[in-house]
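Let me give you the structure first, and then I'll get to my questions.
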Amino acid sequence: MPESSETERAGEPAGARGGATGGGPGRLLVAVYGIFALAATARAGVQIATKFADAPLAYTLSAIAALIYILATVALARGGRTSRRVAVAACSVELAGVLIVGTYSLLDPGAFPEPTVWSGYGAGYGCVPLVLPVIGLWWLRRTARREVRAAGGAARV
């Protein structure tokens, strides 16, 4: 028999107050987002503090990516309706950023004298920045469906 959470025992579907997106396999997703949040924040911080004038656009984009990773990490870990919406927005912006910056960095390499987290579709990070938001959005959709079945109604993501 599956293990039930306190919220389920209290008559609420899993994730109504949090946890569904960050539980089970979602813990790995949260961990990977956390690692990327830490890596991108550290990288952007050092770059901005030591050589911002060399590539202000690239370093600013890396800082923006870091903020999005932090936001996604927290939202995925918290779960719940509002956090789920924030996570969907963060993952969507992240995916758009990777696609736009990745494409632009390949079409006009001179625009990015220094790589960003998203340059070349995240090639400097093994293309994980390209795959991670797709997995995040898939996980959010999957856990939303599970909550709908548990609640016997329709959920809005």
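What order, most packed first, do the peptides 20-30, 59-69 have when packing is the mean number of other Cβ atoms within 10 Å of each residue? The partial results should precede the final answer.
Working: 20-30: 18.8, 59-69: 21.5.
Going from most to least packed, we get 59-69, 20-30.
If packing is taken as the average number of other Cβ atoms within 10 Å across a peptide's residues, how do 80-91, 123-134 rank, most packed first?
80-91, 123-134
Counting just the Cα atoms, what span does the stretch 22-143 cover along each of its three principal axes? Round to the nearest Å and put the largest first.
Dimensions of the stretch 22-143 along the principal axes of its Cα atoms: 42, 28, 23 Å.
Sticking with this structure for a sec: Would you work out the charge dipole size for the stretch 26-140 about its Cα centre, treating the Cβ of every Lys and Arg as +1 and the Cβ of every Asp and Glu as -1, and quote it to the nearest 20 debye?
Working: 7 positive and 4 negative charges, 119 e Å.
Using Cβ point charges on Lys, Arg, Asp and Glu, the stretch 26-140 gives about 580 debye.
Now for a different question. Residue 20's amide H: which non-local residues (gap 5+, or another chain) put their own amide H closer than 5 Å, with H modeled 1.01 Å from N in plane and none for Pro or chain starts?
Answer set, sorted by chain and number: 15, 80.
How much accessible area per residue does the stretch 24-151 have, counting only protein heavy atoms and a probe of 1.4 Å, in square angstrom? If you can, show how the numbers build up before the last one.
Values: 6490 Å² over 128 residues.
Counting only protein heavy atoms, the per-residue value for the stretch 24-151 is 51 Å².
The values are calculated or read from the model by the stated rules, or taken from the named source; none is laboratory data. If you're wondering where the values come from, they're calculated on a predicted model, not measured in any experiment. In this analysis, Cβ positions are derived from the backbone assuming ideal geometry, glycine residues included, and neighbour counts consider all displayed protein chains. To get the accessible areas, we keep the full protein, side chains included, count just its heavy atoms, and leave off ligands, DNA and RNA. Shrake-Rupley method; radii C 1.70, N 1.55, O 1.52, S 1.80 Å.
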